[in-house]
Structure formats: structure tokens, C-alpha cells
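Reading through the C-alpha cells given below for one structure.
The values are calculated or read from the model by the stated rules, or taken from the named source; none is laboratory data. The structure displayed is predicted, hence computed values, not measured ones. Heads up, the Cβs are rebuilt from the backbone with ideal geometry, glycines too, and the neighbour counts pull from every protein chain shown.
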């Protein structure tokens, strides 16, 4: 059997929803041994996601997770060599498609939450952009280990989630390296979102958000801003500002 | 001349997150070095950076890859090789190794070590890719013999001849996985010692041992999730008598046992290593 044919056949056998008899015949030998490869490949993905997406797995159950994995492998199989990124690719796929019938209504939020946690957990925070002293008239430099998330269910907090609006800043704590979440009000959420835009000074971001919220700068806004920035700086979420010329 | 490094002698252990704390703080004298998989660390922040930093402060590191897949027909990923070379250089690994297999096809990663046909064409293709990879790496490169459960199509060569063909044509070294030899010997009904004798043992730079699962009808599955069995300890002794004092790594990737049980395995491997080589590490 030619190398190219062997690889395409074995890959198809592992990925297809149903193994094809012609593939087993082409590979030759004992079909059960080829089906073992299929079983090992598919089982490894399910195990990986059970670990990496714990809240979603709890919501779906392992059997429904396995069904979703089957569909993912057949329709949008993994294109990353890094195991740590597999759950992100799978979560993106699952959120783009109808979730299994009978899955609880918080399943999509559970996938979003688990994926955000994973993104923060693995984010490469090696300094790749210059960071200068914090300055209002410069763009803010935020930690890459962060994610903003709006949830309709309290999957981040409760074993049995309840419905409600949750605006979260998920981040990796600098000391413990654990992933945590801050609950933000609407103004703070919009502000942190605006801070993430490149080439926008912090002052510009604040005025943009005020304009969108129909508000004006006043003492209350200044107090909220000071408190938020103090918190973000202390937690290392704001690292400083982009220096001149950066 | 076989690459050697005085830091890498005796027994090593794979650095895995569930074991990291014990490795750093409760390592027995028998543990002398660690092996890391670059795929777990490159372009990543957080706890794995800290784990690597703490491990490096205590032990020398060698690298063992999971996804180069030299047997694949996909083009080699130049960005991956660049990152890999930088990582290998940064941790001062004396050599780098990966598996004689394929694991991706048309850009789809199957995350398994899949067999390639033991044919002359496949050997030539793989050797050419290995040469290309070696040109991008700053250290010698070794290929690991695979555990395989089935062979695609008809073989033109036996496995040992296939390995030899790839090594001869590429100039790569051999990472001899003793557990894989044992698993294959049991599953395919050949003599493990004869197989080892048929390999180019002067090209072995490092060995692996691990546990495997005994499934229905005695079929063996290479899991790295069980203790090393007595037969594999014996086969390791046999292999070391023939290769001389090459470093040996214990792989334990799943179902981590209590640390004391792993220390017992490391100590037993250390005793075998000393007895077989006549060397005190």
C-alpha cells in the first residue's frame, strides 16, 4: 500500500462517523485492529474535552459529549498540533451548531465559560509588545491572559446555574496563575472592551464609552474609573501603557 | 560518534503537570534528568512556564516531540520547526527526538502516533523529511520506534530493517522504546530480543520504558498509564547490556500513581541500569 493512500485511508477511518468497509479492506489485516485505532483516537478527544471543558461536560453528559465529538471529527476536524487548543476548536464548533436535544439551556454558556478559562490558562504572556508607564493619553496594554464574557446563566459560579445577566472579566491571576473572574457593571465592561482596541488612548476609550452610554464625565464617573483602573493595575490585568512610538 | 552528554546518565522521568510538584521537591537520588515535550510548552504562558522554570532549576532537560510526524505526507511545518528549534536551544537539550509515524493528514491532526507502511518508498520519504527537519534543529535528532497494532498493506521490509533504512538514509539517531518493542513482540508474535539485536544499536542515544495495558486475549496497548511490567524491566537490562550506558527514561503520562510507587520504579530502573552497564551514574 502506498504511503499516501495508507494515510488518507487511516485518517478517514478515524474521522468518519461510520467506518467504511472499503477502508478496512484496503488497510488489510485484522479489521478489529484498525478499529482499535479509531477507538483510541476518538476516545482520546473525548477524554481531553472532559478535562478541559468540565462545566460543559457536566451539562452535556459524557455520552452527548461523545456524540458532539463524532460530529466535530466528521465535519470540522482538529487543525492544531497543540492539545491545549483542541478544546477551543471544539467549543467553537459546538457553539456554531445546534446542541444536542435535551441539553440544559446553559450548555452554550458553559462552553463559552470553559473556553474562556482555557484561553486565559494557556495564554502566552511573554512580553511581545513594549510596555511603558501607565498614562491616560496612551493606549492601555492589557494582559493577553484575559477574556470578556457575557453570560445568561451563572455557569461560572453555580453547580446548578440560574438565569441572569453576567458581565465577566476572566483573567489569569499573576501570583497563583489560577484563572479568576471579576463581575463588571455595564460601564466597566464597555470600558475594558474599549481599552482592548489598539491605538486608542485610555482617555479616548473613556470618552467613547461615555458617548455610547449617553453620559458625561463627572465626579461619579471619575470615581468608578479610578476604582476600576486601580483594581486592574493591582491584579496585573492592566500592565501599563504603550510607550510613545510603539 | 553517538552523541552523549555527561548530564544525561542513568534514569530520567517525563515532566508532567500532575507529577511536577513531587519531581521538584521530592525527587529521589535515582532521578537525574527530565524529558519535556515541546508541544506542551511552546508559545504558552501560565503554570506551564512556572513548571518548566522550576524543573530546569533542578534538572537538565532533554526534549521529545509528539507532532513532527516525519512519516506524514503533509509538508513540514516551518513555523513549528522554528519554534521547536528555539525551545530546544532555550532548554539546552543535548538532542531532540520524535516518533517514526504519521499523525496528521491534509492539515488535520489526529493526535495519535499512527503506523506507516514498512516499504522502501515510505522509508525514503520519511528519511528525506527527517533530513529536512534535522537541518532546522540545533542538536542531533533521534527517531523513536513505534508501538503499532496493525500494518497498512503488505510490508516490503520487517520493522527492524525499515527503521535501519530510515536511519541510514537520514543520519538520525535512535530513541529505543523498549516497551514498544515488547508490546509489538507480544502483539505480533516475534522475539523481542532478536528484534533488538537486529537494530543498529550503535545509533541508540536514549531509551524509553513505560507501562502498557493488557486488554482482551492478552492484546497489549501502549498507554503509559500502568506500572512497567517485569518482562519490560528484563528487556531493558538486555538492551542496556548491548548498547552500553545510554540514558533511560520512565514515561508515565496517565493514571499517576502515588509518588512513592513511582520512586520505587525509578529506583528499580536505576539498579538495572547500574547492573547492566557496570557504570555508576
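Points to keep in mind about this one:
Residue-by-condition table, conditions (1) within 14 Å of chain B (Cβ to nearest Cβ); (2) at pLDDT 95 or above; (3) buried (at least 18 other Cβ atoms within 10 Å of the Cβ):
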residue	(1), (2), (3)
A:39	yes, yes, no
A:65	no, yes, yes
A:104	no, yes, no
A:110	no, yes, yes
A:117	yes, yes, yes
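- Count - residues of region B:60-110 that are over 15 Å from the mean Cα position of the chain (by Cα) and part of a loop (DSSP other than H, G, I, E, B): 12
- Counting only residues that are in a helix (DSSP H, G or I), farther than 17 Å from residue B:73 by Cβ and either within 14 Å of chain A (Cβ to nearest Cβ) or in contact with a strand residue (DSSP E or B) (Cβ under 6 Å, 6 or more places away or on another chain) (or both), region B:118-141 holds 1 of them.
- Subset of region A:209-235 (residues that are part of a loop (DSSP other than H, G, I, E, B) and modelled with pLDDT under 95): A:213, A:214, A:215, A:216, A:217, A:218
- Candidate set: region A:70-82, residues that are buried (at least 20 other Cβ atoms within 10 Å of the Cβ) and assigned to a helix (DSSP H, G or I); chosen: the one farthest from the other protein chains (Cβ to nearest Cβ): A:72
- Whichever residue in region B:147-176 is buried (at least 20 other Cβ atoms within 10 Å of the Cβ) and assigned to a helix (DSSP H, G or I) and, among such residues, is farthest from the other protein chains (Cβ to nearest Cβ): B:167
- Unique match (being part of a loop (DSSP other than H, G, I, E, B) and under 29 Å from residue A:66 (Cα atoms)) among A:177, A:99, A:148: A:99
- Failed item, numbered, when residue A:92 is tested on (1) at pLDDT 95 or above; (2) over 17 Å from the mean Cα position of the chain (by Cα): (2)
- Where residue B:25 falls short, out of the listed (1) under 30 Å from residue B:268 (Cβ atoms); (2) buried (at least 21 other Cβ atoms within 10 Å of the Cβ): (2)
- Residue check: residue A:55 meets all listed conditions (1) more than 16 Å from residue B:105 (Cβ to Cβ); (2) facing chain B (nearest Cβ under 10 Å) but one, namely (2).
- Residue match in region B:192-201 (condition: assigned to a helix (DSSP H, G or I), closer than 22 Å to residue B:63 by Cα and either touching a residue at least 12 places away in the same chain (Cβ under 8 Å) or away from chain A (no Cβ under 14 Å) (or both)): yes
- Hey, residue B:8 more than 10 Å from chain A (Cβ to nearest Cβ), crowded, with 20+ Cβ neighbours inside 10 Å and assigned to a loop (DSSP other than H, G, I, E, B) or not: yes
- Residue check, residue B:100 more than 14 Å from chain A (Cβ to nearest Cβ), buried (at least 24 other Cβ atoms within 10 Å of the Cβ), modelled with pLDDT of 95 or more and in contact with a strand residue (DSSP E or B) (Cβ under 8 Å, 6 or more places away or on another chain): no
- Evaluation of residue B:144 against (1) farther than 30 Å from residue A:89 by Cα; (2) more than 14 Å from chain A (Cβ to nearest Cβ); (3) within 16 Å of the chain's Cα centre (by Cα) (one fails), failing number: (1)
- Hits in region A:20-30 (condition: more than 9 Å from chain B (Cβ to nearest Cβ) and over 20 Å from residue A:74 (Cα atoms)): A:25
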